[in-house]
1. Which value at 222 nm does chain D reach when only helices count, each DSSP H run of 4 or more adding -39,500 (n - 2.57), with the total divided by all residues and rounded to the nearest 500 deg cm²/dmol?
2. Tell me, what does the Kirkwood hydrodynamic radius of the stretch C:60-110 come to in angstroms if you use every pair of distinct C-alpha atoms?
3. Across the Cα atoms of chain C, what radius of gyration and what greatest pairwise Cα-Cα distance (Dmax) are found, in Å?
4. Long-range amide H contacts for residue A:107: which residues qualify at under 5 Å (H placed 1.01 Å from N, peptide plane, sequence gap of 5 or more or a different chain)?
5. Can you put B:91, A:195 in order of Cβ neighbours within 10 angstrom, beginning with the fewest?
6. Count the net charge of all other residues whose Cβ sits under 15 Å from the Cβ of residue B:64, scoring Lys and Arg as +1 and Asp and Glu as -1.
7. What pairs from C:35/C:104; B:13/C:104; C:35/C:81; C:96/D:35; C:81/D:22; B:9/C:109 go past 32 Å between their alpha carbons?
8. Using Cα pairs closer than 8 Å and at least 6 residues apart in sequence, work out the relative contact order for chain B, in percent.
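Laboratory data are not the source of any read-out in this text; all were calculated from the coordinates shown. Here the structure is a predicted model, which means the values were calculated and not measured. Heads up, the Cβs are rebuilt from the backbone with ideal geometry, glycines too, and the neighbour counts pull from every protein chain shown.
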Amino acid sequence: MLSKLKTALVLLLIGAVSGGLIYIVNDITAPIIFENELQRKIGFYSEIFEIPEDQEIIYKDCTTDPNDLVPIDGQLEEDVTFEVRDSCPEGLTETFIYDKADNSLIGVVYFGNEKNSYGEVGVLVGINIDGTIANVVISSSTNTVNFVKKIEKEFLSPFMGQLADPQLIEFDSATGATYTYGSVTDIVNDAIAAYNEGSDE
Amino acid sequence: MSKKENFLKGFFKENPIFVFLLGMCPALAVTAVFETALGMGLLVIFVLTMSNIVVSMLRNVIPNDVRTPAYIVIIATFVTIVGMVSKAFTYDLYLALGVFIPLIVVNCLILGRAESFASKNKVLDSAIDGFGMGLGFTFALVVIGVFREFLSTGGIIWGEFLPFFVDQPVTLFSLDMIINLFNSDFVIADYALNMFSLAPGAFIALGIILALIQGKSARRIKKEIEIQKQRIVELKKVALAKKAAAAKLVKEAA
Amino acid sequence: MLTITLEALIVPLFVLGGMGLLLGLGLAYAADVLKVEIDARIEKVIELLPGFNCGACGYPGCAGFGEGIVEGEVEQLSLCKPGKDSDYNAIMEYLKSTPGPDGKIVEVKK
Amino acid sequence: MTWTVFAVAIFNAMLINNVILKQFLGICPFLGVSKKSSSAVGMGAAVTFVMVIASFVTYAIYSYVLVPYGIEYISTIAFILVIASLVQLVEMILKKFSKPLYKSLGIYLPLITTNCAILGVAEGNISNIYTNYGSSGMWLAVFTALGTALGFTLIIFAFSSVREKLESSNVPDAWKGVPISLVVAGIMSIAFLGLQGIL
């Protein structure tokens with residue numbers, strides 16, 4: 001019995017030490033991970049709306065309490081055409097981007113994630129305040145690297161400047177990488193639908 | 001075995017992937033691009049060295065009954081730590097490797113080294129063994145990664161997943177550079193063999209590399225056998241000549 | 001930066017430690033209750049094998065390969081890819097010097 | 001959740017996202033234990049058995065221990081510890097009480113601890129199923145595990161049958177053994193690429 005107790009005690013000690021070690025490392029890295037994700041997000045938003053580096057932005061997300069991330073002080077402009085909804089549109093994350101200096105709305109970004117036969121694609125669709133598409137960016141992907149690169153280079157820029165209207169939007173019909181591009185167009189369609197639904201209210 | 005031999009054996013003589021066929025899952029899954037292969041290798045080097053050191057330190061404490069669970073806990077701790085660190089500092093690499101970071105735990109190379117080397121040897125030797133084996137593993141991954149990335153894109157790019165030393169991704173080498181000396185608007189990526197970045201290409205690329213290695217060793221063995229045969233033939237000749245001479249002597253004496 | 005609170009630290013410590021204690025006791029107890037007498041040579045041969053459990057020999061793990069060797073199914077020890085000459089020699093010598101319960105000696109090639 | 005959801009989960013995990021040919025999990029036993037089709041079937045059965053049991057257990061640990069205490073970050077270590085101990089226990093029980101069952105199934109069990117398919121499915125279930133479906137995710141996870149395991153068995157059996165034929169064919173020295181087998185696996189993978197886009 002004593003030897004069994006010793007066996008169990010050794011496992012207990014190893015388990016406890018590794019638990020403590022992992023806790024400490026997690027404690028050190030968690031804020032860095034959080035900060036990195038924040039920076040990444042802001043980087044993507046700046047890229048979509050071509051915001052210069054010295055201009056600071058704040059954003060309001062439909063999933064998280066915005067006060068946790070960046071405090072918004074002052075009043076929002078009254079004549080903004082959208083209402084910040086309580087819940088996200090189905091399958092998308094809706095984020096409102098504001099200029100920090102005067103709290104004016106810059107645009108809306110929709111983030112969608114779709115699974116296809118090659119893996120997953122995460123796409124950010126930015127829509128300007130005048131209703132045109134600002135940019136479409138692939139933020140994360142487990143799809144074939146070459147296809148994604150090709151799409152980023154050739155097939156995302158045609159979206160820029162198009163009016164965000166389900167009837168008018170044009171997609172490229174002939175691309176080599178059908179699955180990846182199909183996922184991108186699905187998310188763009190969803191985002192436009194969500195945008196029109198939101199702005200009608 | 002000297003310390004130097006112990007360190008170098010992982011590269012060629014006992015290369016985990018090319019010779020022992022251990023740790024094949026990452027060798028196929030994360031080698032579509034050279035950089036992810038290198039990143040995976042670096043993580044494995046750290047885990048293998050650290051777990052070898054700790055297992056070797058505790059080799060007299062851990063009871064035999066719970067050897068495997070104890071080793072697994074030690075390895076899993078370091079794997080969790082590298083997972084967190086890579087998420088914090090190389091987020092793109094973390095995303096690209098995905099589920100294969102936690103799966104380092106069940107890489108048979110690491111548990112195998114703990115069982116077969118670290119549990120029987122001193123701490124320093126185990127550390128050297130772990131580091132050398134990890135380097136050998138990384139070397140093999142990088143060879144496969146370079147092979148596949150070159151075939152599937154026609155070039156090698158640095159800086160997309162491991163953002164060290166450069167701000168923007170840099171093309172280290174590309175066939176474009178050579179072809180564009182003669183023909184100005186040529187893009188190799190349009191003619192590249194995309195299959196090698198997909199699942200079937202992984203199997204076939206590894207098959208080709210293993211066949212190259214096996215072919216070389218097969219030829220060497222064939223050569224050795226031939227040399228041995230020749231030596232036997234010569235020995236026979238000498239023996240025959242001796243016999244003939246002896247017979248002659250007998251004859252003359254008679 | 002480092003804000004380690006004792007309450008938060010205790011949770012992973014206890015969960016992993018508790019799991020270790022529970023599983024360790026359980027396994028040690030089960031090993032006692034569920035013990036099966038097998039040929040002592042099999043255990044020794046398994047110990048002499050590299051222990052990678054990679055399955056490259058075509059047998060189900062090192063245990064299967066060791067059993068195969070002692071039962072005379074295995075023709076060549078070099079099927080075990082991670083093994084080295086020193087491992088093979090050790091196994092061959094051990095099997096030569098130790099006859100089984102029925103007095104027979106197992107012979108295997110490298 | 002209806003039965004179609006489960007059927008789709010099985011079909012998807014078994015054929016479209018095949019664990020070996022698409023996700024590259026469990027390659028070690030795939031190359032090692034496929035020289036004879038009888039041992040391949042044994043390995044497949046052992047994997048199916050453990051994978052289904054493990055998906056129940058990991059679900060329980062994840063949602064009743066890790067999430068309530070907010071320590072999801074130790075999931076890898078907790079999962080592998082429990083799976084490894086469970087496998088060892090099942091092996092001991094089989095060895096004690098049923099010799100024929102041990103011969104056909106139990107001897108493959110130790111290999112499970114170094115088979116990344118088991119832990120890979122458990123880890124994948126966290127990100128794909130538990131976070132999206134919550135408490136109703138258990139059965140979906142179990143059926144995904146079942147489909148994955150069936151896909152593993154199917155492929156390893158088909159592959160071992162091809163390898164048995166390859167043994168007796170005249171292959172150049174350089175390609176003998178593993179290299180030609182890898183090319184065979186690559187061709188099988190091309191065939192399974194054709195199933196993509198069905199769902």
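1. -21000 deg cm²/dmol
2. Details: mean 1/r = 0.0894 Å⁻¹.
That comes to 11.2 Å for the stretch C:60-110.
3. Rg then Dmax for chain C, in Å: 20.7, 69.
4. Result for residue A:107 returns A:97.
5. By the 10 Å Cβ count, ascending, the order reads B:91, A:195.
6. That works out to +2.
7. Long pairs (Cα-Cα over 32 Å): B:13/C:104.
8. Working: 305 pairs, mean separation 68.1, N = 254.
Reported as a whole number, the value is 27 percent.
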